[in-house]
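The values are calculated or read from the model by the stated rules, or taken from the named source; none is laboratory data. Fair warning: this is a prediction, and the values are worked out from it, not measured in the lab. A quick note on method: Cβ atoms are made from the backbone with ideal geometry, for glycine too, and the neighbour counts reach across all protein chains shown. The protein model used for the area step is the full one, side chains on, heavy atoms only, and it has no ligands, DNA or RNA in it. Shrake-Rupley method; radii C 1.70, N 1.55, O 1.52, S 1.80 Å.
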Amino acid sequence: MTELIIASIMTMMTAATPLMFAATGELICERSGVLNLGLEGMMLIGAVFGFAAAAVTGNATLGLLVAATSGAFAALIFGILTLNLLSNQVATGLALTIFGTGLSALVGVDYVGETIDQIGSIHIPILSDIPIVGRLLFGHDPLVYLAILILLGASWFLSRSRWGMILRAVGDSDVSAHAIGYPVIAIRFAAVTFGGLMAGLGGGYLSLVYTPLWAENMTAGRGWIALALVVFASWRPARVLFGAILFGGITILQLNAQAAGLGIPAAFMSMLPYIATIVVLVLISRDAIKIRLNAPACLGRPFRAER
Amino acid sequence: MKHLIKLATVMLAALLSFGVVSTASADKLKVGFIYIGPPGDHGWTYAHDQARLMVEEKLGDLVETTFVEGVPEGPDAERAIAKLAETGHQLIFTTSFGYMEPTLKVAKRFPDVKFEHATGYKQADNVATYSARFYEGRYVQGQIAAEMSKSGVIGYIASFPIPEVVRGINAFMLGAQTVNPDMKVKVVWVYTWYDPGKEADAAKVLMDQGADIITQHTDSTAAIQAAAARGIKAFGQASDMIHFAPDTQLTAIIDAWGPYYVARTQAVLDGTWTSGDTWHGMGPGMVVMAPFTNMPYSAEQMARNTTAALTSGALHAFTGPIYNQAGELMVPAGEVAADFPMLATMNWYVQGVDDKLPE
């Protein structure tokens, strides 16, 4: 039984990791006041370019770097369109998802059915061998730790660092931030790019670690889940960690329940995280102060500097 | 904004239209194929594409083939099939169960075009159906799994609760029971044919729950790769997947559609094509087992003998007595299950399967 619980938690963590990457990036992006619905597209772009790089060079770590970079490039396109050319963020984000789906399929045609060397789990002598706790704390693949580190870093950045406060100021009142003299567009560009970088990493995690292969549309909606996750976490990084484990965990639990023969309908379990999101949305919408505290006030609004 | 909407519409249209790949020229018999996944899945669609290539190789200049990949089951399928019929294809293979109704609908509109629908059960004057007795291979796999498993628990990744899949689970179980009557099979339904992430998740969960052999009725290599990552043995599906997991694959059921496709295409060329239902197994060579690897000699020997018996017809995978989960006698001792209705519409588990069949 303990073995089953440990194994399930380990599997849950890997399911949560791509969500953590993508959601952390999107959270920073939204905190700066930009809503990027292109997560799914950026993840797919990261997944395919990362896999292609790993397949060509034989180096999975390089693949991850390429995944992150290509995600960031996709985000740059989004940034130019929405921040410089002031196009509608919702429409542009949706277009980015459609574009990413198509581009990744096109690039990926030659890589379907290829194999690469997977990035495996780490094993720290002594520490990883401690019963129960050893594997839970020290037995994951390195990217699980990276995702958690970035998440904690983002949390620190937003609440403690000077630049984090500025980023939030830009997201909450672009006009005042501009009046004080902060470069609103540049800061938003940085946030959008970071979002793309993270989404690319999340996609790369899927094609390089999770299932070491490329398949068309392999993110299978995880970008949308990450988007829901940001709202679920009410724009607080620490809650993203909790939410990602919950969202990722439900899918694993759903399969676990089936394998154990519990007879709970699979569709019902898959529905749960979304119901939770709606409930959270309703709850935070009821409390006006909480919204003001967390949701970026300028989210989705274009900014044009008045001179 | 207007421009954006325009742009998005164009993109959507591009996304929704399928890439039709063709090697065009006139006066040849045009043969079309509709695929559910990409030919590179190294599973179900790959096997059909290998068969298409065999048609091209064997019949050479007489034919010209076209395939449309990644066609979802449903209204999109009807559009894709009709498109092939409109563009002069005389013979069209629709290679997934869910294309049944779309194929019949299009066939009505194009009475001169011949259709071949895989794994379906509804025929028409110009619609033939064909399938392979994959369950024979699953019976062999069940025996191997029971022989190899130490935990006595097998993980089975199932796609949709349709007769084809249920039959496979039952045959697997019956095979396993000949070696170890107490064998347990844990079943996880993923409700997809092709979603590598989900297939890998299912494999991991089954291994978490103590399964030490993994088998799948889904199309990608994700499950066998997930098993390989944990050093657990598994079976390939639809094609030989040994390349993806050299130390993991025990064997694989290979769908050998090639000879059938060549024969049917030849029949259209000769003008002798007639509708009908073909259900071939190991005997005529439509189901082939990949080499038995990563197992001791005794297991290999047993698998070989069973395969030979199934091929010669000396053994039928569904030989009585067979009981259902409630303990009712479904096939009396000494008899074999009839193709119709029992095997064709199978919607019950044999005794010993540790799962409740979803409705």
SASA check, A:Ile245, accessible area w/ 1.4 Å probe, all protein chains in place, rounded to nearest 10 Å², comes out at 60
Simple label model, 7 Å out from Cα along Cβ direction - B:Ala308 to A:His123, nm = 4.1
Counting only protein heavy atoms and rolling a 1.4 Å probe, how much accessible area do B and A lose on contact, total for both sides, in Å² to 100?
-> 2700
Taking B:81-93, B:323-335 and ranking on average Cβ neighbours within 10 Å, highest first, one gets B:81-93, B:323-335
Reachable lysines from B:Lys198, Cα under 18 Å, same-chain residues fewer than 8 places away excluded?
-> B:Lys186
Name the long-range amide H neighbours of B:Lys114: under 5 Å, sequence gap of 5 or more, or other chain; modelled H, no Pro or chain starts.
-> B:Leu91, B:Ile92
Calculated FRET value between B:Glu335 and B:Thr274, using beta carbons and R₀ = 41 Å, to 0.05 | 0.85
Take the alpha carbon atoms of segment A:1-76, find their center, do the same for segment A:186-206, and report the distance between the two centers in whole angstrom.
-> 9
By the gyration tensor of its Cα atoms, with a ≥ b ≥ c the square roots of the eigenvalues, what is the shape of chain B: rounded for a/c under 1.5, prolate for a/b over b/c, or oblate?
-> prolate
Counting only heavy atoms of protein chains, what accessible area per residue, in Å², does segment B:221-359 have with a probe of 1.4 Å?
-> 44
To the nearest 10 degrees, how steep is helix B:100-109 against the longest Cα principal axis of chain B, on a 0 to 90 scale?
-> 30
Chain A: angle of helix A:39-57 to the longest principal axis, Cα-based, in degrees nearest 10 | 50
Name the lysines eligible as straight-distance cross-link partners of B:Lys122: C-alpha to C-alpha under 22 Å, and not fewer than 8 places from it in the same chain.
-> B:Lys83, B:Lys105, B:Lys108, B:Lys114
Have a look at the DSSP beta bridges in the protein assembly as shown and tell me what percent are antiparallel, nearest 5.
-> 20
Shielding of B:291-303 by other chains, given as the mean Cβ count within 10 Å, works out to 0
Quickly work out the B:Thr178-to-A:Glu3 label distance, labels modelled 7 Å from Cα along the C-beta direction, and quote it in nm with one decimal.
-> 3.0
With every protein chain in place, chain A: carbon and sulfur % of accessible area (1.4 Å) = 70
Shielding of A:112-119 by partner chains, average beta-carbon count, 10 Å = 4
With a Förster distance of 51 angstrom and the Cβ-Cβ distance between B:Val288 and A:Ile80, calculated FRET efficiency to the nearest 0.05 equals 0.40
Highest average packing first - B:134-141, B:67-74, Cβ atoms within 10 Å = B:134-141, B:67-74
For segment A:128-142, 3J(HN,Hα) per residue [Karplus equation, 6.51 cos²θ - 1.76 cosθ + 1.60, θ = phi - 60°, Hz, x = Gly/Pro] | 5, 8, 4, x, 6, 4, x, 6, 5, 8, 10, x, 8, 7, x
Measuring from centroid to centroid over Cα atoms, what is the spacing of segment B:85-132 and segment A:111-180 in Å?
-> 52
Could you tell me how many degrees, from 0 to 90 and to the nearest 10, lie between the Cα long axis of helix B:2-16 and the main elongation axis, the longest principal axis, of the Cα atoms of chain B?
-> 60
Compare the peptides A:87-97, A:178-188, B:190-200 by average per-residue count of other Cβ atoms within 10 angstrom and give them in order, highest first.
-> B:190-200, A:87-97, A:178-188
Residue-averaged 222 nm ellipticity for the protein assembly as shown, from DSSP H runs of 4+ at -39500 (n - 2.57), nearest 500 = -17500 deg cm²/dmol
Looking at segment B:34-53, which residues lose a minimum of 10 Å² of accessible area between their chain alone and all protein chains in place, measuring with a 1.4 Å probe and not counting ligands or nucleic acids?
-> B:Pro38, B:Gly40, B:His42
Express the accessible area of segment A:119-168 per residue in Å², computed with a 1.4 Å probe while the remaining protein chains stay in the model.
-> 60
Rounded to a whole number, the mean other protein chain Cβ count within 10 angstrom for residues of B:352-359 is 2
Report the one residue of A:Trp163, A:Pro212, A:Ile148 whose Cα lies farthest in the direction of the positive end of the charge dipole of segment A:2-294 (charges on C-beta: Lys and Arg +1, Asp and Glu -1; origin at the Cα centre).
-> A:Trp163
